[in-house]
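Beneath this line is the structure, given in structure tokens, with notes to follow.
The values are calculated or read from the model by the stated rules, or taken from the named source; none is laboratory data. As the structure is a computational prediction, the values presented were derived from the model and not from experiment. Cβ: placed from backbone, ideal geometry, glycine included. Neighbour counts: every protein chain shown.
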């Protein structure tokens, strides 16, 4: 028997989970897309893997940075209609592909029970090397391993079921950001202002830039993405590699 997987993403899902390495990752790469999902009444949850302690551009004491970045991410999420933001607390810049990380992501998947998971591509994006931070690629790979096979296998990390009552859950599709093989673009032109508002909430990460530079840079980036994927002139887009897993 031949298994026929879908060729296009689902038009609508009830729940989506975004698993990213750092506070602000979801907003730089996917805030416009998230805004379209919440507008369509999809419940979106964020799972941020690191504490963001290696971020910032000033003399803020390192011990204060994780709390600041959590507050910034919650504020950015609120702009987009996301109220559930979870932090795993791994050290920023030192994420490794461990079984503990797979278990922790699997736990969140089983808790949230999303039909769709958004994460970063585990493949290096040679055209834009900054998108391929080692933490990004490791979180992407670990999330894919959590999606398949861990979260759906009741015998993987049996303590999640035995001790926490978290039953296995199968994710139908995974959206990979910053992928060298992106095959699906989301037109975010009409929600770009919300994306910029979310980005500006990350004060420790963007306040060092001259006024307007952030918007100019991100707009050019989204305009090029739209052109690459055949959208009309003047449109803005975010792009993903969509993987069907169910």
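Observations, loosely collected:
- Number of positions in the range 88-102 that are without any contact (Cβ under 8 Å) to a residue 60 or more places away in the chain and either in contact with a helix residue (DSSP H, G or I) (Cβ under 6 Å, 6 or more places away or on another chain) or buried (at least 17 other Cβ atoms within 10 Å of the Cβ) (or both): 5
- The residue of the range 36-67 that is surrounded by the fewest Cβ atoms within 10 Å (Cβ to Cβ), among those that are within 16 Å of residue 25 (Cβ to Cβ) and at pLDDT 95 or above, is 45.
- Scanning the range 186-207 for residues that are crowded, with 21+ Cβ neighbours inside 10 Å and touching a strand residue (DSSP E or B) at 6+ places or on another chain (Cβ under 9 Å) yields 186, 188, 195.
- Those residues of the range 207-231 which are under 19 Å from the mean Cα position of the chain (by Cα) and either in contact (Cβ under 8 Å) with a residue 40 or more places away in the chain or over 15 Å from residue 27 (Cα atoms) (or both), in sequence order: 218, 222, 225
- Residue 27 vs. criteria touching a helix residue (DSSP H, G or I) at 6+ places or on another chain (Cβ under 6 Å), assigned to a helix (DSSP H, G or I) and surrounded by 16 or more Cβ atoms within 10 Å (Cβ to Cβ): yes
- One residue alone among 82, 45, 34 is more than 21 Å from residue 133 (Cα to Cα), under 16 Å from the mean Cα position of the chain (by Cα) and part of a loop (DSSP other than H, G, I, E, B), and that residue is 82.
- Number of positions in the range 48-64 that are in contact with a strand residue (DSSP E or B) (Cβ under 7 Å, 6 or more places away or on another chain) and not in a loop (DSSP other than H, G, I, E, B): 3
- When restricted to residues that are under 17 Å from residue 243 (Cα atoms) and part of a helix (DSSP H, G or I), the range 105-119 contains 1.
- Search result, residues across the range 169-202 that are free of Cβ contacts under 8 Å to residues at least 24 places away in the same chain and within 23 Å of residue 14 (Cα to Cα): 190
- Residues that are at positive phi and either surrounded by 10 or more Cβ atoms within 10 Å (Cβ to Cβ) or in contact (Cβ under 8 Å) with a residue 40 or more places away in the chain (or both) within the range 152-168 comprise just one, 157.
- Screening residue 122 against (1) more than 21 Å from residue 168 (Cα to Cα); (2) under 13 Å from the mean Cα position of the chain (by Cα); (3) assigned to a helix (DSSP H, G or I) leaves a single unmet condition, (3).
- Scanning the range 125-141 for residues that are in a helix (DSSP H, G or I) and within 14 Å of the chain's Cα centre (by Cα) turns up 131, 132, 135, 136, 137, 138, 139, 140, 141.
- There is at least one residue in the range 233-242 that is over 24 Å from residue 82 (Cβ atoms) and exposed (fewer than 15 other Cβ atoms within 10 Å of the Cβ).
- Qualifying residue in the range 123-143 (condition: free of Cβ contacts under 8 Å to residues at least 40 places away in the same chain and in contact with a strand residue (DSSP E or B) (Cβ under 8 Å, 6 or more places away or on another chain)): yes
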